[in-house]
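Undergrad: Got a structure for you, questions after.
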Amino acid sequence: MRLAEVFQRAVGGRDVGFSAYDGSRAGPADAGVRIEVRTPQALSYLASAPGELGLARAYVTGHLEIIGDVYGALTRLSELSLREVPWGQRVELLATLGRARLGTRVEPPPQERRLHGLRHSRSRDREAIAHHYDVSNKFYEWLLGPSMAYTCAVYPTPGSTLEQAQFAKHDLVARKLGLEPGMRLLDVGCGWGGMVLHAAREYGVRALGVTLSRNQAEWARKAIAEAGLSDLAEVRHLDYRDVREDGFDAVSSIGLTEHIGKAKLPAYFRSLNRKLRPGGRLLNHCITRPDNRQPARTGGFINRYVFPDGELVGPGHLVSLMHDTGLEVRHEENLREHYALTLAAWSRNLDEHWDEAVAEVGLARARVWRLYLAASRLGFDRNNIQLHQVLGVKLDGTDAHMPLRPDW
(Lines give C-alpha, C1' and ligand atoms only; values in the text may rest on other atoms or scores of the structure.)
Protein backbone atom coordinates (compact mmCIF):
# COMPACT_ATOMS: atom_id res chain seq x y z
CA MET A 1 0.00 0.00 0.00
CA ARG A 2 1.39 3.43 -1.00
CA LEU A 3 1.71 6.11 1.68
CA ALA A 4 -1.08 8.34 0.37
CA GLU A 5 -3.46 5.37 0.44
CA VAL A 6 -2.42 4.50 3.99
CA PHE A 7 -3.06 8.03 5.11
CA GLN A 8 -6.41 8.17 3.31
CA ARG A 9 -7.43 5.00 5.13
CA ALA A 10 -6.18 6.39 8.42
CA VAL A 11 -8.17 9.61 8.42
CA GLY A 12 -11.15 8.43 6.38
CA GLY A 13 -11.41 11.56 4.27
CA ARG A 14 -14.44 12.09 2.03
CA ASP A 15 -13.85 14.06 -1.18
CA VAL A 16 -10.29 14.80 -0.06
CA GLY A 17 -7.15 14.38 -2.12
CA PHE A 18 -4.00 12.94 -0.55
CA SER A 19 -0.39 13.11 -1.61
CA ALA A 20 2.79 11.90 0.09
CA TYR A 21 6.50 12.56 -0.10
CA ASP A 22 7.05 9.24 -1.91
CA GLY A 23 5.10 10.58 -4.89
CA SER A 24 1.93 8.60 -4.22
CA ARG A 25 -1.57 10.06 -4.53
CA ALA A 26 -5.05 9.00 -3.47
CA GLY A 27 -8.55 10.39 -3.59
CA PRO A 28 -10.18 12.59 -6.23
CA ALA A 29 -7.68 14.40 -8.45
CA ASP A 30 -9.87 17.52 -8.52
CA ALA A 31 -10.58 17.63 -4.77
CA GLY A 32 -11.01 21.12 -3.34
CA VAL A 33 -9.15 20.07 -0.19
CA ARG A 34 -5.87 18.17 -0.20
CA ILE A 35 -3.75 16.67 2.56
CA GLU A 36 -0.01 16.57 1.92
CA VAL A 37 2.11 14.15 3.96
CA ARG A 38 5.41 15.94 3.54
CA THR A 39 7.78 13.89 5.69
CA PRO A 40 8.00 10.53 7.51
CA GLN A 41 7.61 12.47 10.77
CA ALA A 42 3.96 13.15 9.95
CA LEU A 43 3.12 9.45 9.97
CA SER A 44 5.19 8.93 13.09
CA TYR A 45 3.19 11.57 14.95
CA LEU A 46 -0.09 9.88 14.04
CA ALA A 47 1.22 6.44 14.94
CA SER A 48 2.54 7.56 18.34
CA ALA A 49 -0.42 9.73 19.36
CA PRO A 50 -3.68 8.34 17.98
CA GLY A 51 -6.49 10.86 17.63
CA GLU A 52 -6.53 14.60 17.21
CA LEU A 53 -3.25 15.12 19.09
CA GLY A 54 -1.21 13.26 16.49
CA LEU A 55 -2.78 15.18 13.62
CA ALA A 56 -2.21 18.46 15.46
CA ARG A 57 1.46 17.68 16.04
CA ALA A 58 2.00 16.87 12.39
CA TYR A 59 0.15 19.98 11.21
CA VAL A 60 1.63 22.46 13.71
CA THR A 61 5.16 21.40 12.84
CA GLY A 62 4.53 21.59 9.09
CA HIS A 63 5.19 17.89 8.45
CA LEU A 64 1.58 17.69 7.25
CA GLU A 65 -0.11 20.40 5.21
CA ILE A 66 -3.76 21.11 4.50
CA ILE A 67 -4.22 22.73 1.10
CA GLY A 68 -7.51 24.62 1.03
CA ASP A 69 -9.90 25.58 3.79
CA VAL A 70 -8.90 23.99 7.12
CA TYR A 71 -12.49 23.98 8.40
CA GLY A 72 -13.64 22.35 5.17
CA ALA A 73 -10.95 19.71 5.55
CA LEU A 74 -11.92 18.88 9.13
CA THR A 75 -15.57 18.46 8.18
CA ARG A 76 -14.50 15.76 5.70
CA LEU A 77 -12.18 13.74 7.96
CA SER A 78 -13.92 11.02 9.92
CA GLU A 79 -10.81 9.56 11.56
CA LEU A 80 -7.73 11.35 12.84
CA SER A 81 -5.32 8.53 13.54
CA LEU A 82 -3.79 5.27 12.33
CA ARG A 83 -6.16 3.23 14.48
CA GLU A 84 -8.01 1.81 11.49
CA VAL A 85 -4.82 0.58 9.84
CA PRO A 86 -4.21 -3.08 10.78
CA TRP A 87 -1.24 -3.69 13.11
CA GLY A 88 0.66 -5.62 10.48
CA GLN A 89 0.47 -2.71 8.07
CA ARG A 90 1.44 -0.27 10.81
CA VAL A 91 4.61 -2.22 11.57
CA GLU A 92 5.40 -2.50 7.86
CA LEU A 93 4.76 1.21 7.40
CA LEU A 94 7.03 2.25 10.28
CA ALA A 95 9.76 -0.03 9.02
CA THR A 96 9.42 1.46 5.54
CA LEU A 97 9.67 4.94 7.02
CA GLY A 98 12.92 4.03 8.69
CA ARG A 99 11.56 5.14 12.07
CA ALA A 100 11.87 3.42 15.43
CA ARG A 101 9.61 0.47 16.06
CA LEU A 102 6.22 0.80 17.75
CA GLY A 103 6.39 1.83 21.38
CA THR A 104 9.22 4.30 20.94
CA ARG A 105 8.20 7.79 21.96
CA VAL A 106 8.19 10.52 19.34
CA GLU A 107 9.04 13.82 20.99
CA PRO A 108 6.18 16.33 20.80
CA PRO A 109 6.87 19.75 19.29
CA PRO A 110 7.96 22.56 21.64
CA GLN A 111 4.64 24.39 21.22
CA GLU A 112 2.96 21.86 23.52
CA ARG A 113 2.45 23.17 27.04
CA ARG A 114 2.69 21.12 30.22
CA LEU A 115 1.96 23.05 33.40
CA HIS A 116 3.59 22.66 36.78
CA GLY A 117 2.18 22.45 40.28
CA LEU A 118 -1.26 21.53 41.61
CA ARG A 119 -4.08 21.69 39.09
CA HIS A 120 -6.03 24.96 39.46
CA SER A 121 -3.76 26.30 42.16
CA ARG A 122 -3.27 30.05 41.90
CA SER A 123 0.24 29.77 40.50
CA ARG A 124 -0.76 27.16 37.92
CA ASP A 125 -3.83 29.18 36.90
CA ARG A 126 -1.59 32.18 36.30
CA GLU A 127 0.71 30.02 34.16
CA ALA A 128 -2.23 28.67 32.14
CA ILE A 129 -3.68 32.13 31.52
CA ALA A 130 -0.29 33.55 30.54
CA HIS A 131 0.25 30.71 28.05
CA HIS A 132 -2.94 31.52 26.18
CA TYR A 133 -3.50 35.25 26.60
CA ASP A 134 -0.01 36.74 26.93
CA VAL A 135 0.85 35.88 23.34
CA SER A 136 0.89 39.31 21.74
CA ASN A 137 -1.64 42.11 21.97
CA LYS A 138 -0.90 42.96 18.34
CA PHE A 139 -1.71 39.39 17.32
CA TYR A 140 -5.02 39.56 19.17
CA GLU A 141 -5.85 42.91 17.54
CA TRP A 142 -5.52 41.27 14.13
CA LEU A 143 -7.47 38.20 15.24
CA LEU A 144 -10.33 39.79 17.20
CA GLY A 145 -10.75 43.12 15.45
CA PRO A 146 -11.37 46.51 17.07
CA SER A 147 -13.65 45.16 19.84
CA MET A 148 -10.83 43.00 21.27
CA ALA A 149 -13.58 40.70 22.55
CA TYR A 150 -12.38 37.12 22.79
CA THR A 151 -15.73 35.56 23.64
CA CYS A 152 -18.80 34.49 21.72
CA ALA A 153 -20.53 37.36 19.95
CA VAL A 154 -24.32 37.63 19.55
CA TYR A 155 -25.37 38.04 15.92
CA PRO A 156 -28.54 40.12 15.42
CA THR A 157 -28.66 38.68 11.88
CA PRO A 158 -26.50 36.14 10.03
CA GLY A 159 -25.11 38.99 7.96
CA SER A 160 -24.08 41.18 10.91
CA THR A 161 -20.43 42.12 11.13
CA LEU A 162 -18.24 40.82 13.95
CA GLU A 163 -18.10 44.30 15.50
CA GLN A 164 -21.89 44.63 15.42
CA ALA A 165 -22.22 41.20 16.99
CA GLN A 166 -19.70 41.92 19.77
CA PHE A 167 -21.49 45.18 20.59
CA ALA A 168 -24.77 43.23 20.69
CA LYS A 169 -23.21 40.67 23.06
CA HIS A 170 -21.98 43.28 25.51
CA ASP A 171 -25.31 45.10 25.31
CA LEU A 172 -27.26 41.89 25.90
CA VAL A 173 -25.21 41.24 29.03
CA ALA A 174 -25.76 44.81 30.20
CA ARG A 175 -29.51 44.60 29.70
CA LYS A 176 -29.77 41.21 31.40
CA LEU A 177 -27.91 42.70 34.36
CA GLY A 178 -30.28 45.67 34.40
CA LEU A 179 -27.43 48.19 34.29
CA GLU A 180 -28.29 51.84 34.92
CA PRO A 181 -26.19 54.98 35.46
CA GLY A 182 -24.47 55.02 38.83
CA MET A 183 -24.50 51.25 39.34
CA ARG A 184 -21.34 49.30 40.16
CA LEU A 185 -20.28 46.36 37.97
CA LEU A 186 -17.60 43.75 38.63
CA ASP A 187 -16.40 41.94 35.49
CA VAL A 188 -14.28 38.90 36.38
CA GLY A 189 -11.90 37.53 33.77
CA CYS A 190 -12.41 40.82 31.93
CA GLY A 191 -10.03 40.17 29.03
CA TRP A 192 -9.07 43.37 27.23
CA GLY A 193 -11.83 45.27 29.02
CA GLY A 194 -14.62 45.08 26.43
CA MET A 195 -17.47 44.70 28.92
CA VAL A 196 -15.97 47.27 31.29
CA LEU A 197 -15.69 49.82 28.49
CA HIS A 198 -19.20 49.10 27.22
CA ALA A 199 -20.80 49.40 30.64
CA ALA A 200 -19.04 52.70 31.38
CA ARG A 201 -19.53 54.23 27.92
CA GLU A 202 -23.08 53.10 27.14
CA TYR A 203 -24.64 52.92 30.62
CA GLY A 204 -22.66 55.30 32.85
CA VAL A 205 -21.78 52.41 35.16
CA ARG A 206 -18.75 52.37 37.48
CA ALA A 207 -17.09 49.20 36.22
CA LEU A 208 -14.17 47.24 37.66
CA GLY A 209 -12.57 44.46 35.61
CA VAL A 210 -9.94 41.96 36.76
CA THR A 211 -7.74 39.60 34.75
CA LEU A 212 -4.80 37.29 35.39
CA SER A 213 -3.20 38.36 32.12
CA ARG A 214 -0.76 41.22 32.46
CA ASN A 215 -0.89 41.91 28.72
CA GLN A 216 -4.66 42.21 28.81
CA ALA A 217 -4.63 44.56 31.80
CA GLU A 218 -2.05 46.86 30.20
CA TRP A 219 -3.98 47.02 26.92
CA ALA A 220 -7.31 47.65 28.71
CA ARG A 221 -5.92 50.47 30.88
CA LYS A 222 -4.62 52.24 27.79
CA ALA A 223 -7.96 51.79 25.99
CA ILE A 224 -9.86 53.18 29.00
CA ALA A 225 -7.62 56.24 29.14
CA GLU A 226 -7.90 56.87 25.40
CA ALA A 227 -11.70 56.64 25.65
CA GLY A 228 -11.73 59.22 28.45
CA LEU A 229 -13.46 56.79 30.80
CA SER A 230 -10.91 56.62 33.62
CA ASP A 231 -13.42 58.19 36.05
CA LEU A 232 -15.80 55.26 35.53
CA ALA A 233 -13.78 52.23 34.34
CA GLU A 234 -10.83 50.38 35.85
CA VAL A 235 -9.00 47.14 35.02
CA ARG A 236 -6.65 45.45 37.48
CA HIS A 237 -4.11 42.68 36.97
CA LEU A 238 -5.64 40.60 39.76
CA ASP A 239 -7.15 37.23 40.65
CA TYR A 240 -10.92 37.58 41.03
CA ARG A 241 -10.61 35.97 44.46
CA ASP A 242 -8.51 38.92 45.63
CA VAL A 243 -11.06 41.65 44.88
CA ARG A 244 -11.63 43.36 48.22
CA GLU A 245 -14.72 45.38 47.33
CA ASP A 246 -18.24 44.00 47.61
CA GLY A 247 -21.80 45.29 47.37
CA PHE A 248 -21.75 45.35 43.56
CA ASP A 249 -25.05 45.83 41.75
CA ALA A 250 -23.99 43.34 39.09
CA VAL A 251 -21.28 40.79 38.31
CA SER A 252 -20.46 39.57 34.81
CA SER A 253 -18.33 36.51 34.12
CA ILE A 254 -17.78 36.20 30.37
CA GLY A 255 -15.49 33.32 29.41
CA LEU A 256 -13.89 32.72 32.82
CA THR A 257 -15.78 29.66 34.08
CA GLU A 258 -13.98 27.38 31.59
CA HIS A 259 -10.69 28.08 33.42
CA ILE A 260 -11.96 27.51 36.97
CA GLY A 261 -12.11 23.71 37.14
CA LYS A 262 -15.17 21.63 38.03
CA ALA A 263 -14.06 21.01 41.62
CA LYS A 264 -13.61 24.74 42.22
CA LEU A 265 -16.93 25.87 40.75
CA PRO A 266 -18.88 25.85 44.06
CA ALA A 267 -16.31 28.17 45.63
CA TYR A 268 -16.32 30.31 42.49
CA PHE A 269 -20.07 30.90 42.60
CA ARG A 270 -20.01 31.48 46.37
CA SER A 271 -17.31 34.09 45.86
CA LEU A 272 -19.27 35.91 43.17
CA ASN A 273 -22.43 35.73 45.25
CA ARG A 274 -20.65 37.40 48.16
CA LYS A 275 -19.67 40.30 45.90
CA LEU A 276 -23.31 41.13 45.14
CA ARG A 277 -25.67 43.32 47.11
CA PRO A 278 -29.15 41.87 47.80
CA GLY A 279 -31.08 42.13 44.57
CA GLY A 280 -27.87 42.17 42.51
CA ARG A 281 -27.56 40.02 39.39
CA LEU A 282 -24.88 37.66 38.07
CA LEU A 283 -24.51 36.81 34.37
CA ASN A 284 -22.37 33.74 33.70
CA HIS A 285 -21.39 33.27 30.04
CA CYS A 286 -19.30 30.19 29.23
CA ILE A 287 -18.63 27.23 26.95
CA THR A 288 -20.25 24.01 28.15
CA ARG A 289 -20.63 20.35 27.33
CA PRO A 290 -23.98 19.55 25.70
CA ASP A 291 -24.97 17.48 28.74
CA ASN A 292 -23.84 16.55 32.26
CA ARG A 293 -22.60 13.04 31.45
CA GLN A 294 -19.31 13.85 29.71
CA PRO A 295 -15.99 14.33 31.50
CA ALA A 296 -15.14 17.93 32.33
CA ARG A 297 -11.48 17.91 31.40
CA THR A 298 -10.50 18.81 27.88
CA GLY A 299 -8.00 16.54 26.18
CA GLY A 300 -5.54 16.25 23.37
CA PHE A 301 -4.91 19.26 21.21
CA ILE A 302 -6.94 21.88 23.12
CA ASN A 303 -5.37 21.04 26.48
CA ARG A 304 -1.78 20.80 25.22
CA TYR A 305 -1.74 23.73 22.79
CA VAL A 306 -4.56 26.15 23.54
CA PHE A 307 -6.31 26.10 26.94
CA PRO A 308 -4.19 24.23 29.51
CA ASP A 309 -6.32 22.89 32.37
CA GLY A 310 -9.58 23.95 30.73
CA GLU A 311 -12.68 22.14 32.03
CA LEU A 312 -16.21 22.21 30.63
CA VAL A 313 -19.36 21.08 32.43
CA GLY A 314 -22.95 20.74 31.30
CA PRO A 315 -25.43 23.64 31.56
CA GLY A 316 -27.55 21.73 34.05
CA HIS A 317 -24.58 21.41 36.39
CA LEU A 318 -24.03 25.18 36.26
CA VAL A 319 -27.68 25.96 36.94
CA SER A 320 -27.74 23.61 39.91
CA LEU A 321 -24.55 25.07 41.36
CA MET A 322 -25.84 28.61 41.06
CA HIS A 323 -28.99 27.64 42.96
CA ASP A 324 -27.02 25.68 45.54
CA THR A 325 -24.74 28.64 46.25
CA GLY A 326 -27.58 31.04 46.96
CA LEU A 327 -28.44 32.49 43.56
CA GLU A 328 -31.86 32.15 41.97
CA VAL A 329 -31.61 31.43 38.25
CA ARG A 330 -34.02 33.59 36.28
CA HIS A 331 -33.00 33.09 32.66
CA GLU A 332 -30.85 30.78 30.53
CA GLU A 333 -30.09 30.51 26.82
CA ASN A 334 -27.82 28.61 24.47
CA LEU A 335 -25.85 30.68 21.91
CA ARG A 336 -24.13 27.74 20.21
CA GLU A 337 -24.75 28.88 16.64
CA HIS A 338 -23.49 32.36 17.47
CA TYR A 339 -20.13 30.98 18.54
CA ALA A 340 -19.73 29.10 15.26
CA LEU A 341 -20.31 32.41 13.44
CA THR A 342 -17.84 34.18 15.74
CA LEU A 343 -15.13 31.60 15.11
CA ALA A 344 -15.67 31.84 11.37
CA ALA A 345 -15.13 35.60 11.61
CA TRP A 346 -11.95 35.18 13.66
CA SER A 347 -10.66 32.66 11.12
CA ARG A 348 -11.22 35.18 8.33
CA ASN A 349 -9.37 37.83 10.32
CA LEU A 350 -6.43 35.48 10.85
CA ASP A 351 -6.27 34.59 7.17
CA GLU A 352 -6.37 38.28 6.20
CA HIS A 353 -3.44 39.01 8.54
CA TRP A 354 -1.62 35.71 8.07
CA ASP A 355 1.76 37.08 7.07
CA GLU A 356 1.76 39.65 9.89
CA ALA A 357 0.64 37.02 12.40
CA VAL A 358 3.42 34.63 11.38
CA ALA A 359 5.97 37.43 11.70
CA GLU A 360 4.61 38.33 15.15
CA VAL A 361 4.16 34.94 16.84
CA GLY A 362 5.94 32.45 14.56
CA LEU A 363 4.63 30.00 12.00
CA ALA A 364 3.99 27.12 14.43
CA ARG A 365 1.86 29.19 16.82
CA ALA A 366 -0.06 30.74 13.93
CA ARG A 367 -0.80 27.22 12.68
CA VAL A 368 -1.99 26.26 16.17
CA TRP A 369 -4.52 29.07 16.00
CA ARG A 370 -5.67 28.27 12.48
CA LEU A 371 -6.35 24.66 13.50
CA TYR A 372 -7.89 25.60 16.85
CA LEU A 373 -10.38 28.08 15.35
CA ALA A 374 -11.49 25.62 12.66
CA ALA A 375 -11.80 22.68 15.06
CA SER A 376 -13.74 24.75 17.62
CA ARG A 377 -16.12 26.01 14.96
CA LEU A 378 -16.77 22.42 13.92
CA GLY A 379 -17.42 21.50 17.56
CA PHE A 380 -20.16 24.12 17.87
CA ASP A 381 -21.64 23.26 14.48
CA ARG A 382 -21.88 19.59 15.47
CA ASN A 383 -23.20 20.29 18.98
CA ASN A 384 -20.17 18.76 20.65
CA ILE A 385 -19.88 21.95 22.71
CA GLN A 386 -22.28 24.78 23.48
CA LEU A 387 -22.25 28.34 24.82
CA HIS A 388 -24.67 29.20 27.62
CA GLN A 389 -25.60 32.43 29.37
CA VAL A 390 -27.17 31.90 32.78
CA LEU A 391 -28.63 34.84 34.70
CA GLY A 392 -28.99 34.60 38.46
CA VAL A 393 -30.02 37.02 41.19
CA LYS A 394 -29.12 37.32 44.86
CA LEU A 395 -32.52 37.53 46.49
CA ASP A 396 -33.39 40.47 48.73
CA GLY A 397 -35.26 38.38 51.24
CA THR A 398 -37.73 36.81 48.84
CA ASP A 399 -37.73 39.69 46.36
CA ALA A 400 -35.73 39.20 43.17
CA HIS A 401 -36.28 42.77 41.92
CA MET A 402 -36.81 41.31 38.46
CA PRO A 403 -39.33 42.34 35.77
CA LEU A 404 -42.31 40.05 35.35
CA ARG A 405 -41.05 39.22 31.86
CA PRO A 406 -37.54 39.64 30.42
CA ASP A 407 -37.00 43.20 29.16
CA TRP A 408 -33.90 42.44 27.12
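Undergrad: By accessible area of protein heavy atoms, probe 1.4 Å, what ranking do Ser121, Ser44 get, highest first?
TA: On the way: Ser121 25, Ser44 5 Å².
Largest accessible area first, the residues go Ser121, Ser44.
Undergrad: How charged is the neighbourhood of His170? Take every other residue with its Cβ under 12 Å from the Cβ of His170, and add Lys/Arg as +1 and Asp/Glu as -1. It would help to have the intermediate numbers written out before the result.
TA: Working: positive: Lys169, Arg175, Lys176, Arg201; negative: Glu163, Asp171, Asp187, Glu202.
Once all neighbours under 12 Å are counted, the net charge is 0.
Undergrad: Also: Could you give the accessible area per residue of the chain, probe 1.4 Å, as a whole number in Å²? All intermediate terms of the calculation are to be shown ahead of the outcome.
TA: Numbers: 17310 Å² over 408 residues.
Accessible surface, normalised per residue, equals 42 Å².
Undergrad: Long-range amide H contacts for Met183: which residues qualify at under 5 Å (H placed 1.01 Å from N, peptide plane, sequence gap of 5 or more or a different chain)?
TA: Amide H neighbours of Met183: Arg206.
Undergrad: Same structure again: Return the whole-Å distance between the Cα centroid of the stretch 161-198 and the Cα centroid of the stretch 316-378.
TA: The distance from the Cα centre of the stretch 161-198 to that of the stretch 316-378 comes to 17 Å.
Undergrad: Let me ask something else about it. Most fluctuating residue of Arg293, Arg348, Arg122 in a GNM of the chain with Cα springs under 10 Å: which is it?
TA: Answer for the Gaussian network model of the chain: Arg293.
Undergrad: With θ set to phi - 60°, apply the Karplus curve 6.51 cos²θ - 1.76 cosθ + 1.60 along the stretch 221-232 and write out the HN-Hα couplings as whole Hz, x wherever there is a Gly or Pro.
TA: Along the stretch 221-232, the couplings run 4, 5, 5, 5, 5, 5, 7, x, 10, 5, 6, 10 Hz.
Undergrad: Please list the non-local residues whose amide H lies under 5 Å from the amide H of Gly314, H modeled 1.01 Å from N, same-chain partners needing a gap of 5 or more.
TA: Here Arg289 satisfy the definition.
Undergrad: In debye to the nearest 20, how big a dipole does the stretch 168-310 give about its Cα centre with +1 on each Lys and Arg Cβ and -1 on each Asp and Glu Cβ? If you can, show how the numbers build up before the last one.
TA: Details: 23 positive and 16 negative charges, 108 e Å.
With Lys and Arg at +1 and Asp and Glu at -1, about 520 debye.
Undergrad: Suppose only helical runs count, i.e. DSSP H with n ≥ 4. What mean residue ellipticity at 222 nm does that imply for the chain under -39500 (n - 2.57) per run, divided by all residues and rounded to the nearest 500 deg cm²/dmol? It would help to have the intermediate numbers written out before the result.
TA: Details: 15 runs with 168 residues, N = 408.
Using -39500 (n - 2.57) per qualifying helix, the result is -12500 deg cm²/dmol.
Undergrad: Read phi for every residue in the stretch 172-185 and hand back ³J(HN,Hα) as whole Hz from Karplus 6.51 cos²θ - 1.76 cosθ + 1.60, θ = phi - 60°, with x for Gly and Pro.
TA: Taking θ as phi minus 60°, the curve returns 5, 4, 4, 6, 5, 7, x, 5, 9, x, x, 6, 10, 10 Hz for the stretch 172-185.
Undergrad: Also, I was wondering about something else. Which percent of the accessible heavy-atom area of the stretch 187-329 goes to carbon and sulfur, probe 1.4 angstrom? Don't jump to the answer; show the numbers that get you there.
TA: Values: 2490 of 5360 Å².
Answer for the stretch 187-329 is 47 percent, counting heavy atoms of protein chains only.
Undergrad: OK, next. Read phi for every residue in the stretch 189-200 and hand back ³J(HN,Hα) as whole Hz from Karplus 6.51 cos²θ - 1.76 cosθ + 1.60, θ = phi - 60°, with x for Gly and Pro.
TA: Those phi angles translate into x, 7, x, 8, x, x, 6, 4, 4, 5, 4, 5 Hz.
The values are calculated or read from the model by the stated rules, or taken from the named source; none is laboratory data. Please read all numbers here as calculations on a predicted model, not as lab measurements. Virtual Cβ from ideal backbone geometry, glycine too; neighbours counted across all protein chains shown. We work out accessible area using only protein heavy atoms, side chains counted, and drop any ligands, DNA or RNA first. Shrake-Rupley method; radii C 1.70, N 1.55, O 1.52, S 1.80 Å.
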